[in-house]
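Below: one structure, written as structure tokens.
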Amino acid sequence: MKRRHLILGGAAVATLGACTPSKFKRYSGPEVTGIVVNKGARKMYLLHEDRVLKDYDILLGFAPEGHKQFEGDGKTPEGVYRVDRRNPNSRFHLSLGISYPNEEDTRVAEEMGKSPGGEIFIHGQKHPMREDKGDWTWGCIAVTNKEMERIYAMVPDGVPIAINP
């Protein structure tokens, strides 16, 4: 009897797992060749050449004004970086890494006797079952989980990202 329950239970788990929609989407549209973030407007644009493919409302670091200078300042960096990695197992659903800090960022932080920090990402929500409100990250760029699934599919590694004040 126990064996039958084990087999039926295993089959039920496998069936339920197959019904869960994947967070990994496919994208077959125009290539994303750049990303522009306008911090003041809380907007992010995915571009193909000079054409906007998609725009998103974003949330930023908890201290959004100004350029990130050191680890823990709560600011989102400003400048031109690249998408340099991806994390399919992010605590924030999915995430795309940004190549912060660059040499100048590191130099400025070290002159202040501090670490520039790192681990800056475009990522999903803090709480998977409710949308976040207000700027809350430690310097990252946050969107909804559903939006992050699409962004993750659209944006290849190496794409430049310009983060403006």
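The values are calculated or read from the model by the stated rules, or taken from the named source; none is laboratory data. Because the structure is predicted, anything quoted here is derived from the model rather than measured. Positions of Cβ are generated from backbone atoms using ideal geometry, with glycine treated the same way; all protein chains shown enter the neighbour counts. In case anyone asks, the SASA skips ligands and DNA or RNA and just uses the protein heavy atoms, side chains included. Shrake-Rupley method; radii C 1.70, N 1.55, O 1.52, S 1.80 Å.
What is the spin-label model distance, in nm, from GLU49 to ARG150 if the labels are put 7 Å beyond Cα along the C-beta direction?
2.3
What part of the accessible area of the chain, given as a whole %, is carbon or sulfur when the probe is 1.4 angstrom?
55
What percentages make up the Cα-Cα pair-distance distribution of the chain when the bins are 5 Å wide from 0?
Per 5 Å bin, starting at zero, the Cα-Cα P(r) for the chain comes out as 2, 9, 16, 19, 18, 12, 7, 5, 4, 3, 3, 2, 1, 0, 0 percent.
Tell me what the chain gives for mean residue ellipticity at 222 nm when only DSSP H runs of n ≥ 4 count, each as -39,500 (n - 2.57), the sum divided by the residue total, rounded to 500 deg cm²/dmol.
About -7000 deg cm²/dmol.
Give the separation of the Cα centroids, segment 48-70 to segment 121-165, in Å.
The distance from the Cα centre of segment 48-70 to that of segment 121-165 comes to 9 Å.
Please give the charge dipole size of the chain, origin at the Cα centre, charges +1 on K and R Cβ atoms and -1 on D and E Cβ atoms. Round to the nearest 20 debye.
That gives a dipole near 1340 debye.
By DSSP, what percent of the beta bridges with both residues in segment 59-165 are antiparallel, rounded to the nearest 5?
That works out to approximately 80 percent antiparallel.
Put +1 on the Cβ of each Lys and Arg and -1 on the Cβ of each Asp and Glu in the chain; which of GLY79, GLY158, GLY113 then has its Cα farthest toward the positive end of the dipole?
Result: GLY158, furthest along the dipole toward the positive end.
Which of the peptides 91-102, 32-43 is most tightly packed, and how do the rest follow, going by the mean number of other Cβ atoms within 10 Å of each residue?
So the peptides 91-102, 32-43, ranked by packing, come out 91-102, 32-43.
Hey, can you find the accessible area per residue of the chain for me, probe 1.4 Å, expressed in square angstrom?
Result: 59 Å² per residue.
Relative contact order (percent) for segment 33-165, with alpha-carbon contacts under 8 angstrom and 6 or more residues of separation?
33
Using the Cβ atoms and a cut-off under 13 Å, what net charge is assigned to the surroundings of LYS114, where Lys and Arg are +1 and Asp and Glu are -1?
-2
Give me the distance in nm between label points sitting 7 Å out from Cα along the Cα-to-Cβ direction at ARG130 and VAL36, one decimal.
Those two pseudo-labels are separated by 3.5 nm.
For GLU78 and LYS25, what does the FRET efficiency come to when R0 = 25 Å and r is the distance between their Cβ atoms, rounded to the nearest 0.05?
Efficiency, rounded to the nearest 0.05: 0.25.
With the Cα gyration tensor of segment 89-153 giving a ≥ b ≥ c as the square roots of its eigenvalues, does the rule (a/c under 1.5 for rounded; else a/b larger than b/c for prolate; else oblate) give rounded, prolate or oblate?
prolate
Under a cut-off of 30 Å between alpha-carbon atoms, report the lysines in cross-link reach of LYS68, not counting same-chain residues fewer than 8 places apart.
LYS39, LYS43, LYS54, LYS114, LYS126, LYS133, LYS146
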